[in-house]
Amino acid sequence: MKTPSLFLFTALLLVSCGPSNTRVKTGTCAGCLDADGLCLTGNDVTACGVDGVTCMACSTDQVCGQGVCSAGTGGGPGGGAGGGGGATFNPDGGIDDCSAEAKLVYVVDQDRTLSSFNPRLIGQPNGPFVALGQIACPSEPAAEPFSMAVDRNATAWIVYDSGELFTVDVKALPLTCVKTGFVPQRAVAKFGMGFVANTPGSKEETLFISGSDFGSSLTTTKFGTLSTVPPYTLEVLGTLYGAPELTGTGDAKLWAFSPNVLPPKVARLSKTTGAMEQVFEAQGLAGTPRAWAFAFWGGDFFIFLERATDSSTKVWKMDGVTGALSPAIADTGRTIVGAGVSTCAPVEIN
């Protein structure tokens, strides 16, 4: 989200997609490395391997077990020994039927640059960001991105401050932006958002929103769900304080980051009412927020925040168990207004 001088909050959630130029060094990856250097679980027939070796594809009559291709029945993509097919939930690597693109965090800048963000590469020479390109959505003149979420198919859903909703397939370069038929409704025109698995490890997911109408003071926002098929119906379930950004997980949890309340906080929300069920206060993030975004990945929260006194977005890491806050990147050189991560992303890193 962002707050320009008119106190508008522009939010983009972690979508989970986009090719990654992840440079994980051999020996630091428990699974295998794909062609882009992304560390995968190594337990898929299309990407099998262990201890940081290059991923290999098993033959059609083989299965992948513990990073090794071996003879088996029913060993097609997504299958296992003895048949079985379908998705399995792997807390470290995400849901195993997901693409590699669907397991990363994505951010969008105020200048409309869409990038992947790999938390494993924080502190590495080339850093965690890889620019995928600028989105050129057919929006109203002068409209800007407001919030973003990514589904498990690696499709980014991007709402503009004009109330227009677009989709972008982050796997397809150059990026193409397609306008949906969404129209503002229920006094909600712009909103933060995030996809959440319906149950732990489920392929089914729901898009949750925290939204307001044009000109809202953003002291409160409406909490609800948005259908991702025409006519894109919005259902209001409750009211939230402040203007939180949302992120969801593959283990069916919904989290919110609220920078414009005192003190700022990260909270797990009830998916039926929006009530706070667990709260981590973040006093260290106090200050007038200008742009922010939020994503859960690998058991921790990543907060992208630019305050009025900051020259660019700073990245903070919050421990997902204790709530302990630590700086991750002091100066990104960009203004990030949205972040998104899909329900395919890992919920813990072993």
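Of all residues in region 125-155, count the ones that are part of a strand (DSSP E or B), open to solvent by 20 Å² or more (accessible area, probe 1.4 Å) and in contact with a Gly (Cβ under 9 Å, 6 or more places away or on another chain).
Summing the residues that are part of a strand (DSSP E or B), open to solvent by 20 Å² or more (accessible area, probe 1.4 Å) and in contact with a Gly (Cβ under 9 Å, 6 or more places away or on another chain) in region 125-155 gives 2.
Can you name every residue in region 281-295 that is over 19 Å from Gln110 (Cα atoms) and open to solvent by less than 20 Å² (accessible area, probe 1.4 Å)?
Ala282, Leu285
Out of all the residues in region 205-247, which are among the acidic types (Asp, Glu) and surrounded by 17 or more Cβ atoms within 10 Å (Cβ to Cβ)?
Listed by number, the residues that qualify are Glu205, Glu245.
Can you tell me how many residues in region 166-225 are part of a loop (DSSP other than H, G, I, E, B) and closer than 21 Å to Ala243 by Cβ?
Total meeting the criteria: 12.
Find all pairs meeting these conditions: Cβ atoms under 6 angstrom apart; at least six residues apart or on different chains; first residue within region 211-235 and at negative phi; second residue aromatic (Phe, Trp, Tyr) and open to solvent by 70 Å² or more (accessible area, probe 1.4 Å).
Thr220/Tyr241
Suppose the filter is in contact (Cβ under 8 Å) with a residue 40 or more places away in the chain, open to solvent by 10 Å² or more (accessible area, probe 1.4 Å), under 14 Å from the mean Cα position of the chain (by Cα) and farther than 26 Å from Thr113 by Cβ; does Lys253 pass it?
yes
Suppose we keep only residues that are closer than 23 Å to Ser116 by Cα and in contact with a Lys or Arg (Cβ under 6 Å, 6 or more places away or on another chain) within region 160-204. Which one would you say is surrounded by the most Cβ atoms within 10 Å (Cβ to Cβ)?
Of everything passing the filter in region 160-204, Asp161 is surrounded by the most Cβ atoms within 10 Å (Cβ to Cβ).
Could you check region 304-350 and list, in sequence order, the residues that are assigned to a strand (DSSP E or B) and under 24 Å from Gly201 (Cα atoms)?
Matches in region 304-350: Met318, Asp319, Ala339, Gly340, Val341.
Considering only residues of region 311-349 that are of a type in the set (Lys, Arg) and closer than 17 Å to Gly284 by Cβ, which is most open to solvent (accessible area, probe 1.4 Å)?
Among residues in region 311-349 that are of a type in the set (Lys, Arg) and closer than 17 Å to Gly284 by Cβ, the one most open to solvent (accessible area, probe 1.4 Å) is Lys317.
Could you look through region 104-118, keep only residues that are more than 20 Å from Asp300 (Cα to Cα) and outside any strand (DSSP E or B), and pick out the one that is farthest from the chain's Cα centre (by Cα)?
The extreme case among them is Asp111.
The values are calculated or read from the model by the stated rules, or taken from the named source; none is laboratory data. Only a predicted model underlies this, so the values are computations on that prediction, with no experimental measurement involved. Backbone-built Cβ (ideal geometry, glycine too); neighbour counts: all protein chains shown. Each accessible area value is taken on the protein alone, full model and side chains, heavy atoms only, with ligands, DNA and RNA left out. Shrake-Rupley method; radii C 1.70, N 1.55, O 1.52, S 1.80 Å.
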